[in-house]
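Visitor: There's a structure below that I have some questions on.
The values are calculated or read from the model by the stated rules, or taken from the named source; none is laboratory data. None of these values were measured; they are calculated from a predicted model. Every residue, glycine as well, gets a Cβ built from its backbone with ideal geometry; the counts of neighbours run over all protein chains shown.
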């Protein structure tokens, strides 16, 4: 009994799922087969992809098949997922079965809204999805097709079409697949390049070249890069090997944020903690200091935001994401809402503090500056606004915000240093609490408030054998929700333990 080949495609907006479905239909019809495609759009941003469904069947004289409009669980031959979470959703829906389904998926992630909203690391673990895909499909072909598309200057649908050709799930030659792309007549060279790369990615995957933090330099004048290279050499000479990789990443981050001299300041601060460390604990204190001192020193401020938004590398990345040709113009609009706090913090310390204390000055500045703005950085005037703010970088050390950030960081590091000889594990957990402070504006204020509350709680638990565990629990509670409700409950629990000990 004849049956069609059923193909389900799950893709989000902009990934070319409809184009991929059209290529498959064109391919089948050019080979003398009957084809039918339908689609059901997903709802809201990143809560569900559009499902494109294609059925193809070889023509037979006198037979007029009736093809289905939607995929049926357990009855799908090929599932193509343009993102790893969508592969997981297809498995949950029952569209993937071990007796018949070839599952083709891109392993990259486009994070869901829930993952992005989480105050901590809300990214779902990919390992269970990969394991399920491997175990519940007849064959599983996977590669980072988004990276393939970006590398070839095309879109992910072309790379997935190449993977489909490589899978052998359809009874057509590779040349027929390529002919379908040519017939479409749009973006043919780029699509063919992505097709070939996607084909190769699942048939002969290449190992990406190993790039370590200590194998790259920074942008800037030759003298600046030479100073950065000297700082890299200092890592190898003065720090334990266990911390070299993290120190390399941290050094590059702070030097790119400010300059190579700032990178030496970073190493000086880490060296102060490394001098208290020893191999018995695997140099955990030095590794965590390398990570979180860099986070503290490279805080987000308007200068950093403006710098990142006006870099040539960002312009090139945006043009690559929209697949713009050299002859095409790309307009970019930045949505910003500056507050008076950010404005005065970007002023020289004395002037900023004086304006901040003045209620009249604050009202005037708020009336002038504190409103939503749309800055078109693809225009000269819009670009210059942010470029001029970014040019304040050499003066950052003299500004109000920098002085406050450095004072806050030094107080934190001093508390860690005092704790090392008393409770090594607690000192390490105190370093890791710096991950609570992130972002800028309201996000930074909320994170810094949580950080200060957790640090204050150290006094409630120090001296206990499980003090480090309690600080870790408080940190996890602070990361669990945005408003700090779980942190309130966790601190209340710690206070109740203190009362119990006191009464005993």
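Visitor: Select from segment 70-92 the residues that are in contact with a strand residue (DSSP E or B) (Cβ under 9 Å, 6 or more places away or on another chain) and over 18 Å from residue 20 (Cβ atoms) and write down the one among them that is surrounded by the fewest Cβ atoms within 10 Å (Cβ to Cβ).
Guide: The qualifying residue surrounded by the fewest Cβ atoms within 10 Å (Cβ to Cβ) is 72.
Visitor: Could you say whether any residue in segment 15-34 is under 33 Å from the mean Cα position of the chain (by Cα), assigned by TED's automatic domain parsing to the domain that holds residue 178 and surrounded by fewer than 18 Cβ atoms within 10 Å (Cβ to Cβ)?
Guide: Yes, segment 15-34 contains a residue that is under 33 Å from the mean Cα position of the chain (by Cα), assigned by TED's automatic domain parsing to the domain that holds residue 178 and surrounded by fewer than 18 Cβ atoms within 10 Å (Cβ to Cβ).
Visitor: Could you list all residues from segment 337-367 that are surrounded by fewer than 17 Cβ atoms within 10 Å (Cβ to Cβ) and in contact with a strand residue (DSSP E or B) (Cβ under 8 Å, 6 or more places away or on another chain)?
Guide: 337, 348, 349 - these are the residues of segment 337-367 that are surrounded by fewer than 17 Cβ atoms within 10 Å (Cβ to Cβ) and in contact with a strand residue (DSSP E or B) (Cβ under 8 Å, 6 or more places away or on another chain).
Visitor: Another question about this same structure. Checking the structure you have, find out if any residue of segment 175-187 is under 30 Å from the mean Cα position of the chain (by Cα), surrounded by fewer than 20 Cβ atoms within 10 Å (Cβ to Cβ) and assigned by TED's automatic domain parsing to the domain that holds residue 142.
Guide: Yes, some residue in segment 175-187 is under 30 Å from the mean Cα position of the chain (by Cα), surrounded by fewer than 20 Cβ atoms within 10 Å (Cβ to Cβ) and assigned by TED's automatic domain parsing to the domain that holds residue 142.
Visitor: Do we have residue 132 as in contact (Cβ under 8 Å) with a residue 12 or more places away in the chain and closer than 30 Å to residue 73 by Cα here?
Guide: yes
Visitor: Residues of segment 382-396 being in contact with a strand residue (DSSP E or B) (Cβ under 9 Å, 6 or more places away or on another chain) and either surrounded by 15 or more Cβ atoms within 10 Å (Cβ to Cβ) or farther than 30 Å from residue 288 by Cα (or both), which ones?
Guide: Scanning segment 382-396 gives 382, 383, 385, 386, 392.
Visitor: Would you check which residues across segment 40-51 are closer than 20 Å to residue 71 by Cα and either buried (at least 16 other Cβ atoms within 10 Å of the Cβ) or modelled with pLDDT of 95 or more (or both) and list them?
Guide: Answer for segment 40-51, where residues must be closer than 20 Å to residue 71 by Cα and either buried (at least 16 other Cβ atoms within 10 Å of the Cβ) or modelled with pLDDT of 95 or more (or both): 42, 48, 49, 50, 51.
Visitor: Could you identify the single residue in 265, 259 that is modelled with pLDDT under 95, closer than 22 Å to residue 391 by Cα and surrounded by 15 or more Cβ atoms within 10 Å (Cβ to Cβ)?
Guide: 259
Visitor: Ok, one more. Which of (1) at pLDDT 90 or above; (2) under 20 Å from residue 103 (Cβ atoms); (3) exposed (fewer than 11 other Cβ atoms within 10 Å of the Cβ) does residue 199 not meet, given it meets every other one?
Guide: Answer for residue 199: the failing condition is (3).
Visitor: Does residue 357 fit the bill of being within 23 Å of residue 436 (Cα to Cα) and without any contact (Cβ under 8 Å) to a residue 24 or more places away in the chain?
Guide: Considered against the rule, which asks whether it is within 23 Å of residue 436 (Cα to Cα) and without any contact (Cβ under 8 Å) to a residue 24 or more places away in the chain, residue 357 comes out as no.
Visitor: Related question: Among 487, 436, which is closer than 16 Å to residue 289 by Cα and in contact with a helix residue (DSSP H, G or I) (Cβ under 7 Å, 6 or more places away or on another chain)?
Guide: 436
Visitor: I'm trying to understand the selection: among the residues of segment 397-431, which are crowded, with 18+ Cβ neighbours inside 10 Å, under 29 Å from the mean Cα position of the chain (by Cα) and closer than 28 Å to residue 260 by Cβ?
Guide: 401, 402, 405, 409, 412, 413, 431
Visitor: Looking at residue 315 and the list (1) in contact with a helix residue (DSSP H, G or I) (Cβ under 8 Å, 6 or more places away or on another chain); (2) within 27 Å of residue 263 (Cα to Cα), which single condition is not satisfied?
Guide: Failing condition for residue 315: (1).
Visitor: In segment 147-168, which residues are touching a strand residue (DSSP E or B) at 6+ places or on another chain (Cβ under 8 Å) and either without any contact (Cβ under 8 Å) to a residue 40 or more places away in the chain or surrounded by 20 or more Cβ atoms within 10 Å (Cβ to Cβ) (or both)?
Guide: Residues satisfying the conditions are 156, 157, 159, 160, 163, 164, 166.
Visitor: Continuing with the same structure: Exactly one of these conditions fails for residue 299: (1) under 21 Å from the mean Cα position of the chain (by Cα); (2) part of a loop (DSSP other than H, G, I, E, B); (3) buried (at least 22 other Cβ atoms within 10 Å of the Cβ). Give me its number.
Guide: (3)
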